[in-house]
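**Student:** The following block contains the structure, expressed as structure tokens.
The values are calculated or read from the model by the stated rules, or taken from the named source; none is laboratory data. Source: prediction; values computed, not measured. Cβ atoms come from the backbone with ideal geometry, glycine included; neighbour counts cover every protein chain shown. Surface areas here come from the heavy atoms of the whole protein model, side chains and all, with no ligands, DNA or RNA. Shrake-Rupley method; radii C 1.70, N 1.55, O 1.52, S 1.80 Å.
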Amino acid sequence: MKHVSLFVSICLLAFSIAFTTAEDPVPPVTPGVVDLSLEPSPPLTDGDRRQLCPPSPQPKPWLMIPHGGMHSEGCERVALQDLEMDFSGTRRKAAEMRKAMLEREPVSTPQRLKRKSEVNANAIVTDLSELIQDRNAAIALGKAFFWDMQVGSDGQTACASCHFRAGADGRGASMGVARRMMTNDAAADEFGTEDSADLADELYVIVYRNRWQHMTNFDDLLAKLAVQGMERLLASPENLSTARKAIEVCKLTTSDAAVVSAWDRISKSQDAGTTPSRQQETIIELVISALEFAKMVERTSTGAVQIAAADEGLNSQSEEKKEQLRTRLIQGLNPDQLRAARNLSRAFSPFKEEVEAGLKSQSVRAPASEPTVGSTAKPEQGTFRKREERLANAPTVVNAAMNDRLFHDGRAANVFNGYDHLGDEAGRDGYGKWTYQGGRWRRVLIRIPDAALASQATGPLLSAAEMSWFGRQYHHVAKKLLGRYPLKNQEVSKSDSHLHAYVAKDGTGLSVTYEELIRKAFRRKWWAADVHGQKLRVQEGDSLTGKRPFLRQTEMNFSLFWGVALMLYQQELVSSDSEFDRLMDLRRKGESLYPEGITHAERVRIQEIMKGLGVFQGHACADCHRAPEFAGATLATVYGPILEFEGPLDAVNAETEQNEFANWLMAGQPGIDARIERMLFRADMAPRFYDSGFYNIGVTSDDPAAEDFDPGVAGDVRIDLSTNSQGALLSISQRFGQGLVTDLILRSPYLTHSLARRHNDRWSSVIGSFKTPTMRNVALTAPYFHTGDETTLDGVLDHYEQAGLEEPTNNNLHPALRVVAGEPAETDVPQSLRGALVAFLNALTDQRVKDSVAPFDHPSLKVPVDAAVEESSGRTPESFMKAADQF
């Protein structure tokens with residue numbers, strides 16, 4: 001590899017010298033603002049490039065690199081820089097690059113072959129052509145999935161319920177479903193509302209155990225969690241007297257050697273004489289709870305806990321029966337055991353904030369005469385829709401097809417595994433993905449590249465904080481939806497850009513069922529077993545009964561259909577026709593930005609837009625929001641980046657200095673991963689690794705002890721009990737995906753979302769970093785930041801002015817935001833320039849997105865504007881619903 005890099009660098013250097021007599025002069029650049037008043041030079045044609053092969057690009061001050069590229073990198077750089085503001089051209093070039101890269105990277109990596117063997121799969125599927133037989137039908141299926149309110153457990157929540165205005169949430173703060181327990185996997189009313197009951201705290205662990213007990217020793221897992229917690233305690237100088245007192249009460253009886261060893265060391269540890277922190281007390285509480293519950297299960301393995309497998313399950317429609325069942329689930333537990341079950345269950349709960357707040361289920365309050373749209377205040381009483389901090393600002397799905405990874409913290413992998421959002425890192429798929437041909441079942445391993453949209457789609461569907469009652473699984477969703485008519489209670493235009501071929505005669509819903517659409521969209525081998533009446537028994541237990549279900553092929557493969565169809569639909573949602581795009585088209589053609597007949601007001605507006613672009617460049621905005629997507633971690637930038645090659649070609653130091661142009665030429669070969677970059681971080685200005693497109697801008701703290709700590713791309717996809725937020729225990733159903741959690745907990749080293757952290761944990765600076773969102777259509781997608789804390793663009797600019805002054809500062813804060821020697825941060829935009837910057841940002845709006853014109857048209861949708869719901873059903877009263885097109 002070393003010699004290959006050196007050889008390529010020498011060749012490029014020789015190529016450059018052969019055509020270079022002198023460096024081009026660097027055009028003058030005023031600090032903070034780039035002069036954009038000059039008209040462009042006539043563009044070179046491809047033929048000109050081949051004949052002249054100039055040593056460096058023409059000076060083009062409107063590009064993201066104001067110096068125009070003065071490192072004599074030859075013809076390729078000229079061509080690529082011409083693409084910088086060309087959205088369509090960039091997409092084509094990026095697709096070509098990634099195709100070449102994927103052709104060089106073998107599909108059957110050792111890791112995937114190992115997983116294939118572990119799951120007894122017959123093949124690895126990596127190409128969409130092996131799945132799709134009718135792309136248009138698959139897009140229609142994905143659009144129906146996305147906009148259908150029947151999909152949510154409450155019959156009111158669609159994917160689009162958080163992505164209905166310019167792909168984002170027009171309410172200001174997103175809402176999930178109410179805190180409820182699913183009780184029947186078949187019953188759903190005409191609106192798609194699934195049967196549910198109030199969710200008792202002590203049932204969480206029982207539900208998780210029902211789901212995974214056939215795939216792992218779940219009781220042993222609880223013991224391992226306790227060991228991790230005890231190891232954490234032993235590594236701390238904090239006072240352990242509380243733990244020792246708890247040990248005396250617990251009287252441990254387990255024979256697990258690791259548990260006994262850690263327990264014994266805590267018993268004999270010396271008291272440091274300090275007061276235990278709240279973090280230590282939390283760990284102690286969870287350690288005791290895990291051990292107590294594991295011990296309880298050991299004693300009653302065929303008793304109280306296993307009652308969840310009884311035929312009644314949680315399927316009874318009677319409220320009295322439900323209460324009886326809850327009583328039976330916890331019968332035989334002494335007070336200490338009941339406390340242990342409840343404490344551990346709360347730690348596993350996706351509703352931890354509400355549990356701690358002690359919200360009680362009461363009757364819905366009287367509807368307000370005019371609900372406050374976008375209010376983030378919680379009602380004083382009532383059974384509430386879940387408000388999740390990570391849902392405060394749902395990222396836009398418009399242009400999400402351009403991203404390499406998705407979710408604010410990047411946990412939705414680029415590779416889709418057909419089951420959850422974690423790609424190659426996932427735990428075992430409890431259903432498995434199956435084909436059926438010639439009367440034979442064949443299990444396959446799914447690994448679809450460039451499919452972050454499919455990975456992301458699987459998360460919210462089963463999330464108890466977003467779309468589902470707690471306890472819901474893919475086979476529950478499949479059984480509910482397959483026989484239903486999509487969008488049954490919503491209006492669909494007969495001229496809808498994707499659904500027109502399937503709209504019902506009365507314009508309400510579609511005329512085909514979900515199962516019919518799946519069979520039209522996907523190849524026969526993925527659903528053929530259903531035609532022959534064949535079923536298979538899956539490993540993943542039913543969370544409501546504890547039994548291993550027999551499923552139809554379409555039910556087993558439902559998560560695959562769901563992810564792929566939603567991805568294909570969202571790939572249609574690309575906006576590339578803003579006023580700024582049209583101005584750049586004129587630039588590339590060598591035409592004036594001010595055509596004959598233009599009014600004075602129009603001329604002034606264009607001048608303001610171009611001035612704003614200069615401000616965007618001159619104040620570090622463009623460092624993270626890279627053109628043409630004006631985003632980070634995009635498919636066009638992470639393998640290259642194709643538009644911003646930095647650093648001279650240096651044959652001597654090529655082994656120690658990263659040159660992005662050489663990396664691009666070598667894309668796909670071992671050792672080159674442009675998803676990881678380096679940056680000099682203060683105070684010591686030492687180089688640190690970070691994930692390309694993910695930055696810490698100080699919106700939340702990167703200190704685990706801080707109240708607003710959020711690891712961001714650092715992830716903490718593990719059970720570590722190490723932070724005051726209890727790490728992944730707090731969000732096990734959100735971050736782990738749907739695969740078997742044990743595989744992730746016991747992995748060494750621990751799994752994190754960050755690619756840089758995996759490569760070099762010691763020298764990475766990724767904690768508190770989040771994906772750089774797109775600035776396209778930003779005028780339509782308020783509020784801003786991953787928390788949704790800022791409601792105006794001016795508020796965002798205030799943050800970039802002050803972030804480096806706040807105390808305590810983030811340890812991993814992006815250098816551009818830091819204030820050094822009293823000088824303003826690079827990101828500090830003076831008030832005198834803010835108007836121009838906002839004008840530029842407004843010029844990134846695609847009118848088709850704003851007006852919901854094809855391909856951004858969609859069915860009708862109503863969304864809740866208040867968190868209160870009816871106690872009996874968990875549904876929002878009609879008076880609290882508002883049409884999406886009224887925002």
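**Student:** Consider A501 carefully, then state whether it is in contact (Cβ under 8 Å) with a residue 24 or more places away in the chain, among the aliphatic types (A, V, I, L, M) and more than 16 Å from T193 (Cα to Cα). First the steps, then the outcome.
**Tutor:** Values: in contact (Cβ under 8 Å) with a residue 24 or more places away in the chain: yes; among the aliphatic types (A, V, I, L, M): yes; more than 16 Å from T193 (Cα to Cα): yes.
Criteria met by A501.
**Student:** Looking only at region 500-541, filter to residues that are charged (D, E, K, R), surrounded by fewer than 22 Cβ atoms within 10 Å (Cβ to Cβ) and in contact with a Lys or Arg (Cβ under 8 Å, 6 or more places away or on another chain); which one of those is nearest to Q473 (Cα to Cα)?
**Tutor:** Checking each candidate, the answer is R537.
**Student:** Here is a further query. Can you tell me which residue within region 158-201, out of those that are acidic (D, E) and open to solvent by less than 20 Å² (accessible area, probe 1.4 Å), is farthest from T792 (Cα to Cα)? Please lay out each step first, then the result.
**Tutor:** We begin by selecting, within region 158-201, every residue acidic (D, E); these are 169, 185, 189-190, 194-195, 198, 201.
Subsequent filtering for residues that are open to solvent by less than 20 Å² (accessible area, probe 1.4 Å) retains 169, 194.
Values: D169: 15, E194: 38 Å.
So the residue we want is E194.
**Student:** Oh, and also: Condition first: open to solvent by 10 Å² or more (accessible area, probe 1.4 Å), aliphatic (A, V, I, L, M) and at pLDDT below 95. Can you find one or more residues in region 454-471 that meet it?
**Tutor:** Scanning region 454-471 turns up at least one residue that is open to solvent by 10 Å² or more (accessible area, probe 1.4 Å), aliphatic (A, V, I, L, M) and at pLDDT below 95.
**Student:** Right, here's the next one. Taking Q617 as the residue in question, decide whether it is at pLDDT 95 or above, surrounded by 16 or more Cβ atoms within 10 Å (Cβ to Cβ) and not aliphatic (A, V, I, L, M).
**Tutor:** Criteria not met by Q617.
**Student:** Now a separate question. For region 810-847, what are the residues that are open to solvent by less than 50 Å² (accessible area, probe 1.4 Å) and not hydrophobic (A, V, I, L, M, F, W, C)?
**Tutor:** Matches in region 810-847: N810, N812, H814, P815, R818, T827, D828, R834, G835, T845, D846.
**Student:** Residue check: is E596 of a type in the set (D, E), open to solvent by 10 Å² or more (accessible area, probe 1.4 Å), touching a residue at least 60 places away in the same chain (Cβ under 8 Å) and part of a loop (DSSP other than H, G, I, E, B)?
**Tutor:** No.
**Student:** Could you tell me which numbered condition F550 fails, if it satisfies all but one of (1) surrounded by fewer than 16 Cβ atoms within 10 Å (Cβ to Cβ); (2) of a type in the set (F, W, Y); (3) over 30 Å from D420 (Cα atoms)?
**Tutor:** So the condition that F550 fails would be (3).
**Student:** Counting only residues that are surrounded by 17 or more Cβ atoms within 10 Å (Cβ to Cβ), aliphatic (A, V, I, L, M) and at pLDDT below 75, how many does region 202-245 have?
**Tutor:** 10
**Student:** Restricting attention to region 572-584, and to residues there that are touching a residue at least 12 places away in the same chain (Cβ under 8 Å) and open to solvent by 60 Å² or more (accessible area, probe 1.4 Å), which single residue is nearest to F146 (Cα to Cα)?
**Tutor:** So in region 572-584, the residues touching a residue at least 12 places away in the same chain (Cβ under 8 Å) come out as 572-581, 583-584.
Remaining after also requiring open to solvent by 60 Å² or more (accessible area, probe 1.4 Å): 572, 577.
Numbers: E572: 13, D577: 24 Å.
So the residue we want is E572.
**Student:** Would a scan of region 156-163 turn up a residue that is out of contact with any helix residue (DSSP H, G or I) (no Cβ under 7 Å at 6 or more places or on another chain) and of a type in the set (G, A, S)?
**Tutor:** So far as region 156-163 goes, yes, one or more of its residues are out of contact with any helix residue (DSSP H, G or I) (no Cβ under 7 Å at 6 or more places or on another chain) and of a type in the set (G, A, S).
**Student:** Right, another one. Please specify each residue of region 750-774 satisfying the condition of being open to solvent by 30 Å² or more (accessible area, probe 1.4 Å) and either among the small types (G, A, S) or touching a residue at least 24 places away in the same chain (Cβ under 8 Å) (or both).
**Tutor:** Scanning region 750-774 gives Y750, R757, H759, N760, W763, I767, P773.
**Student:** Here is a further query. Would you pick out the residues in region 118-157 that are open to solvent by 20 Å² or more (accessible area, probe 1.4 Å) and on the phi > 0 side of the Ramachandran plot?
**Tutor:** Passing the criteria: only N120.
**Student:** Also, I was wondering about something else. Mind counting the residues in region 779-830 that are of a type in the set (S, T, Y), assigned to a loop (DSSP other than H, G, I, E, B) and within 29 Å of D169 (Cα to Cα)?
**Tutor:** Here the count works out to 5.
**Student:** Then there is this: Please tell me if G804 is in contact (Cβ under 8 Å) with a residue 60 or more places away in the chain, crowded, with 20+ Cβ neighbours inside 10 Å and touching a helix residue (DSSP H, G or I) at 6+ places or on another chain (Cβ under 6 Å).
**Tutor:** Yes, satisfied.
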